[in-house]
Structure formats: C-alpha cells, structure tokens
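Working notes, beginning with the structure itself.
The values are calculated or read from the model by the stated rules, or taken from the named source; none is laboratory data. Small disclaimer: the values here were computed from a predicted structure and weren't measured. Methodologically, a virtual Cβ is constructed for each residue, glycine included, from the backbone with ideal geometry; neighbour enumeration extends over all protein chains shown. Accessible surface is based on the protein model in full, side chains and every heavy atom, while ligands, DNA and RNA are left aside. Shrake-Rupley method; radii C 1.70, N 1.55, O 1.52, S 1.80 Å.
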Amino acid sequence: MLNYDTLQLIRSFTPLRIWNAIQIWVSYQISKWLHKNKHKGYPIAISIEPTTYCNLRCPECPSGLRNFTRPTGNLSMETFSKIIDELHQKTAYLILYFQGEPYLNPQFNAMVKYAREKKMYVATSTNAHYLTPENAQKIIDSGLNRLIISIDGTTQQTYQQYRIGGNLNIVIEGIKNLIQAKKNNKAKHPYVILQFIVFKHNEHQINEIKQLAKKWQVDALQLKTAQIYNFENGSPLIPENEKYRRYTQDKTGKFVIKNKFFNHCWKLWHSCVFTWDGKVLPCCFDKDAQYEMGNIQNQSFKDIWKNQKYNAFRRQILVGRSTIEMCKNCTEGTKTSLKFE
C-alpha cells in the first residue's frame, strides 16, 4: 500500500512531466548502449542551494570546514524564482538543499511555498537546530513535502563527535516540535525522516535510534553510509560493520569503493544542481563548483542544459568516467530505510 508521501510524489507528475521523464529515460538507455551522448528532455529533479552557511562544523563537510574556494552566501528569491519559472513545467522534484543549513536563509519557507504553488514536490534536509514551535508551524504552512533530519548519535557525547558545535537536546526538542505541529494541524506533511549516518563511533547506537524513531513518531528512519574524502588509507570514521561502509579493503590493505565503476551516470541525464549564486553543476558531488556548466543569472537554463560544455561532459562520462576526479568517490553506498506507519 502506497503511503501519503509516495502518493504526493506521484501526483507531482503531470502529463508533460511524465513525457519529459520518458524522454530522459529512453535517451539515457540509448546513450549507455551506444556510448554516445543522445540526451533529450529536461531535468526530472533538481537541487537548489539555499545557503552555504552552517551553524555546525562537521569534519567531512565543506560548509562545516569553512573551506569553500567558491563564494559563499544566501540564495535570493529573485534567483530562486527564475530557476523555478524556467523549469517547473517539466521538473517534478525539487531538493531545496545542497550545502549549508537551509533554515539559515530567512526566505526559505517562502521558497518552498513558491515551488509548491507550481505543483512541485519539495524536500529538504536540516540539522534541526532551528525547529522552534514557531518555525515548525511555518514549515507546515509552507507545504513542504519531505524533511530529512540529521541525527548521528543518541547521546550528546556521541552526537558531537561528528556534529561539532551541535546540541542533541535542541535537535530532539525540534523533532518533537515538528511532530506536535503536524498533530495540531492534522497534517500529513512534511514526511519526516531521521537520517543516521553510521560511523565507527556511533554504530553501537543503531538499535537505540530505531527505538527512539518509533518513540518520537517520525515517519521513517534511514541509516546511511558516510562519504569520506581521504578514504584510501582508512579513517577513524569508517565503521567496523561492513554493512554500513561505502568502502572495503583490497588485497593491499587499501580502501576502495564497493560499487563497480561504470561509464555512465543517471544523474547526468535526469538532474542537476544550482548553487546559491546561480551556477549550474552536473551533480551533488561537485561541492566546490569545479565543473560549472553555466550560470542561470545571465543565461537561460535551456542554453546551459544543451550547451557544448555540458554535452562534452556527458560524452566524457560515457567513455572515461574514471578521468573525472569527483566521480572517483561517487556512490550512494548502503542505505537501509525503516518505516513506521
């Protein structure tokens, strides 16, 4: 039986969006088969970055480390509305998140509401330090479809080892505020997912977070593997349990990505990322905008999506993905979703 969240996502696919998705999927399959770029259609899903600022200092995050080489700032409503106005007819899914903490942008809820008025499905991710009762009500009012809440520990001591500068009690209070706001409004949205990134220092708390997720009455719990930047020689963050690793050791003792490496990439066909200042990037692994394809502030998206640079990048993926640096650490890894109805 389909849950409310899945039904909302399905309902976001209008006939035009469905036809666009078919074009994208077919052209992707042909491109894989021929090893040639035969791209048709426009993004099914996009990510837009509300801000690069963050209140935490997570050690494997550019926002947390404050080590961007690109400019930092907040997304303006003008840039956001330009993106949505150009893409909403064919694009169904909006991830209003890339780097940074979304709720540090004071216009964030207005952006969600604008996209929802265009019948787009909207999701975001937060560290939950700003889910006051007042803000929880604003989230309900915005129409946000899905909210992922990062919580990587069940005690302050464990939580703060990765979420440096964070306060677990504030996070827990924020979760409760949001669930209570949903009850007060008799609302089914947003669909609340707790995301627990499994590290060596917190893997012993997996059973505890499962119980807490039930207690707090969230909609789902997602256990996620950690992306490590310099993983080859190992890291104290890599868990002992192989199930929750993105990496495994080869015969030499070096760590390598579990997934096989193929010369194709679905993301390059069906999605893209917009930075806060309008840069168009090929995917969410390009955190420092090293592969900018254009800027929507001074170009139309159509011109960027179909330009020579973008098509050359897709061709390179099809013949030699291993030559692209950001692709070398690209894997979603093992994910386990536990849903509570």
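Computed values, structure above
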item	result
Any hit, the stretch 147-154, residues being touching a Gly at 6+ places or on another chain (Cβ under 6 Å), of a type outside the set (Gly, Ala, Ser) and more than 24 Å from residue 300 (Cβ to Cβ)	no
Residue tally, condition in a loop (DSSP other than H, G, I, E, B) and open to solvent by 40 Å² or more (accessible area, probe 1.4 Å), over the stretch 74-87	1
Complete set of residues in the stretch 1-29 that are open to solvent by 40 Å² or more (accessible area, probe 1.4 Å) and of a type in the set (A, V, I, L, M)	1, 2, 7, 9, 10, 16, 18, 22, 26
Residue match in the stretch 180-196 (condition: hydrophobic (A, V, I, L, M, F, W, C), out of contact with any Phe, Trp or Tyr (no Cβ under 6 Å at 6 or more places or on another chain) and free of Cβ contacts under 8 Å to residues at least 40 places away in the same chain)	no
Residue count, the stretch 280-314 (criterion: of a type outside the set (A, V, I, L, M, F, W, C), assigned to a helix (DSSP H, G or I), in contact (Cβ under 8 Å) with a residue 40 or more places away in the chain and surrounded by 15 or more Cβ atoms within 10 Å (Cβ to Cβ))	1
Selection from the stretch 93-124 of residues that are among the aliphatic types (A, V, I, L, M) and either at pLDDT below 95 or open to solvent by 20 Å² or more (accessible area, probe 1.4 Å) (or both)	95, 104, 110
Failed item, numbered, when residue 90 is tested on (1) part of a helix (DSSP H, G or I); (2) crowded, with 18+ Cβ neighbours inside 10 Å; (3) of a type in the set (D, E, K, R)	(1)
The stretch 141-177: number of residues that are basic (Lys, Arg) and either open to solvent by 70 Å² or more (accessible area, probe 1.4 Å) or in contact with a strand residue (DSSP E or B) (Cβ under 6 Å, 6 or more places away or on another chain) (or both)	2
Residue in the stretch 60-73 that is least open to solvent (accessible area, probe 1.4 Å), counting only those that are closer than 30 Å to residue 234 by Cβ and hydroxyl-bearing (Ser, Thr, Tyr)	63
Residue check, residue 154 more than 22 Å from the chain's Cα centre (by Cα) and outside any helix (DSSP H, G or I)	yes
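To keep it simple, each residue is scored yes or no on (1) part of a helix (DSSP H, G or I); (2) out of contact with any Leu (no Cβ under 6 Å at 6 or more places or on another chain).
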position	(1), (2)
158	yes, yes
170	yes, yes
180	yes, yes
186	no, yes
189	no, yes
194	no, no
205	yes, yes
211	yes, yes
214	yes, yes
